[in-house]
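Engineer: Okay, handing you the structure first.
The values are calculated or read from the model by the stated rules, or taken from the named source; none is laboratory data. Just so we're clear, the structure is a prediction, and the values are computed from it rather than from any experiment. Every residue, glycine among them, receives a Cβ derived from its backbone with ideal geometry; neighbour counts consider all protein chains shown.
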Amino acid sequence: MTAPALRIVAATLLCLLSVRGTEAHALAQRYDLPLPLGFFLVGAGAAVAVSFVVLGLFWRIDGAQLDSADRPWMQGTIPRPIVDFCKAIGVALLLLTICAGLFGNQSTFKNIAPVAVWILWWVGLSFVCAFVGNVWILINPWTAMFEFGERWGKSWPKDLSLRLPYPTWLGAWPACALFFLLAWFELVAPGRDVPRNIAVALAIYSALTFAGFACFGHELWCRNVEVFSVVFGLFGRFAPLQIEDNGRSRWALRPPAVGLLVRTPLDPTMTAFTLLVLGTVTVDGLMETPAWAAVVEQLIGAQTPASSAASYMMLQTALLAAGPLMLALLYLTAIALMGQSPVKRLAGQFVLSLVPIAIAYHLAHYFSMLAIAGQFIIPLASDPFGYGWDLFGTTLYRVDIGLVDARFVWYLSVAAIVIGHIIAVWVSHVTAYVALDTGTARRSQYAMLMLMIGYTMLSLWILAQPIIELTIK
Amino acid sequence: MVVTLMPNGRILRLISAAWLALVWLVVVFGNWSPADAQTEEPKRFDLRIENDRLSGDLKVIRVRRGDAVEINWSANRRTVLHLHGYDIETVVEVGRPQTMSFTARATGRFPIETHGRYHSVLIYLEVYPR
């Protein structure tokens, strides 16, 4: 494309997205206090101690034990009316969010879209998926609408999709790209709190998803491209409730985290996706530390105000890309140090063992934000468009910023981080026994444990930093 | 069942002991008591804003939960201030200092921003648990 053409495209895009960089972080009313030194030391010490206990008192596990471990405790079918109800709720919420964003009041806290998308959907639902079960399968509005079309459309063929062959080499790469884009929208993009931008993005994404369903079928698309299905599916492996919906909807109750034990390794693209998610979770916290502010100051401090906003965005984007790459590099080094081959297979086998550390950090980082900013949904439910309605009589509800006490958050953070670390070490340990022979299984764990200790320490360190907002003029 | 995956009894006991030790440590380290008792006297802070920036080198206002807090603001030009969370907005005019006074009932870290053409953080208020 020529330069003028590019400029026209850019101008159109900017018109579409109303940029209001001044309201960055508008959703934050209260930050957590930094984790005190005592809590930090206890957490760090416990993580190291646990790692060495596991290494020292190395116990043996065989395949039969693994089989009994992930056999469900209870299972059953989810009644059809419940499934239909969940799907209807999902579709209704998506439509409400898009309409509110497009036609409602454009102030962040007078419109339901920002809180519904960034807090309830993105943060809240990932907690539900990690600690209860992958309910996204039931409420995914796009599959719900597509299946509805297939079920009730009488004039067209039952199968709405063309079932084109999906290139196998592509795997989950499209989901990786979409996740990166989503993280960029969440953490970097100016105007991410503007309701209309959110609605436009959702509408575009819906169109893309329907096009994908029509070409390749929704099962394939949800496995490889539909980023919410892939990421909530990843978190859902940790959960005690396993939910499936292929034709018949089934549930199974199993011990938590056994979903992270895999017999067949993840394929390389899913391994990459997992590392991308884990790296992004950490980068999210890093961007609010004084250390990062100092780096930004060093690099762009001397520039003129007009250019510094753009270069700040570029710096953030660079960090967003560099974080996951760094993690991938360290992880592959740890796998290579196991001295076993092939690295590709082992990388796919062990990657899920890092997931509990990320979930623990995510909980510590976002718990109070969900509890406090999530309360905005109470007044917004009564007035989703910001027109001054009062549907349920809750419009005057005031957010209680004292709902979660700082000390409680500290205990929760340290407990979550230590327990997450223990589970991670356990998953890696069992995986080593399943994937490798007994002699090398123990030796394989040295590098993995070093990586896990490092990852846990980084999480704790971020939690011990005072959160700061960067204002770039 | 997950039980079969657990190590034998000795290791299980060791891990439980480690857990108890951990809980004990967290309790000991976590529950420090504040050195000073709660005072009736409000905690006062005098802050001066020069061209949208804070003069002096106070970086964080630290108080404890339940403290009465008084922040006195003066500025060399009209400045709109917003304490987030507690949601207190004050307009400081030249030569007319203003006071934010409130009781620190909720713990946390709260930005105090100037709301002009840009929102930028002047200073943070940190309310620690007792």
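Engineer: Can you find a residue in the range A:298-315 that is at pLDDT 95 or above and within 29 Å of A:PHE179 (Cβ to Cβ)? Walk me through how you get there before you give the answer.
Structural biologist: Keep residues of the range A:298-315 that are at pLDDT 95 or above, which gives none.
No, the conditions are met nowhere in the range A:298-315.
Engineer: Regarding A:ILE468, is this residue within 12 Å of another protein chain (Cβ to nearest Cβ) and under 30 Å from A:THR264 (Cβ atoms)?
Structural biologist: On the way: within 12 Å of another protein chain (Cβ to nearest Cβ): yes; under 30 Å from A:THR264 (Cβ atoms): no.
When the stated conditions are applied, A:ILE468 does not pass them.
Engineer: Does A:SER444 satisfy the criteria of being without any contact (Cβ under 8 Å) to a residue 24 or more places away in the chain, away from chain B (no Cβ under 11 Å) and among the polar types (S, T, N, Q)? If you could, list the steps in order and put the result at the bottom.
Structural biologist: On the way: without any contact (Cβ under 8 Å) to a residue 24 or more places away in the chain: no; away from chain B (no Cβ under 11 Å): yes; among the polar types (S, T, N, Q): yes.
Judged against the criteria, A:SER444 is not a match.
Engineer: Another one. I'd like the full set of residues that are crowded, with 17+ Cβ neighbours inside 10 Å, of a type in the set (A, V, I, L, M, F, W, C) and in a strand (DSSP E or B), limited to the range A:244-297.
Structural biologist: A:TRP251, A:ALA252
Engineer: Exactly one of these conditions fails for A:ALA214: (1) over 27 Å from A:SER428 (Cα atoms); (2) touching a residue at least 60 places away in the same chain (Cβ under 8 Å); (3) of a type outside the set (Lys, Arg). Give me its number.
Structural biologist: (2)
Engineer: Which residue pairs have Cβ atoms under 6 Å apart, sit 6 or more places apart or on different chains, and have a first residue in the range A:404-421 that is within 11 Å of chain B (Cβ to nearest Cβ) and a second that is among the acidic types (Asp, Glu)?
Structural biologist: Going by the 6 Å Cβ cut-off, the qualifying pairs are A:VAL409/A:ASP32.
Engineer: Read through the list (1) modelled with pLDDT of 95 or more; (2) within 14 Å of chain B (Cβ to nearest Cβ), then give the number of the only condition that A:ASP67 fails.
Structural biologist: (1)
Engineer: Could you please give the count of residues in the range A:371-403 that are of a type in the set (Phe, Trp, Tyr), touching a residue at least 24 places away in the same chain (Cβ under 8 Å) and in a loop (DSSP other than H, G, I, E, B)?
Structural biologist: Qualifying residue count for the region: 2.
Engineer: Tell me which residues, restricted to the range A:385-403, are more than 8 Å from chain B (Cβ to nearest Cβ) and either surrounded by 16 or more Cβ atoms within 10 Å (Cβ to Cβ) or within 30 Å of A:GLY454 (Cβ to Cβ) (or both).
Structural biologist: Result: A:PHE385, A:GLY386, A:TYR397, A:VAL399.
Engineer: Just one of the numbered conditions (1) within 15 Å of A:VAL42 (Cβ to Cβ); (2) β-branched (Val, Ile, Thr); (3) more than 21 Å from the chain's Cα centre (by Cα) is not true of A:ILE419; which one?
Structural biologist: (3)
Yes/no per residue for (1) in a loop (DSSP other than H, G, I, E, B); (2) among the hydrophobic types (A, V, I, L, M, F, W, C); (3) surrounded by fewer than 18 Cβ atoms within 10 Å (Cβ to Cβ):
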| residue | (1), (2), (3) |
| --- | --- |
| A:LEU120 | no, yes, no |
| A:SER126 | no, no, no |
| A:CYS129 | no, yes, no |
| A:ILE137 | no, yes, no |
| A:MET145 | no, yes, no |
| A:ARG151 | no, no, yes |
| A:LEU162 | yes, yes, yes |
| A:TRP169 | no, yes, yes |
| A:ALA177 | no, yes, yes |
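Engineer: Which of the numbered conditions does B:PHE110 fail, given that it passes all the others? Conditions: (1) part of a strand (DSSP E or B); (2) more than 13 Å from the chain's Cα centre (by Cα).
Structural biologist: If we test B:PHE110 against (1) part of a strand (DSSP E or B); (2) more than 13 Å from the chain's Cα centre (by Cα), just (2) comes out false.
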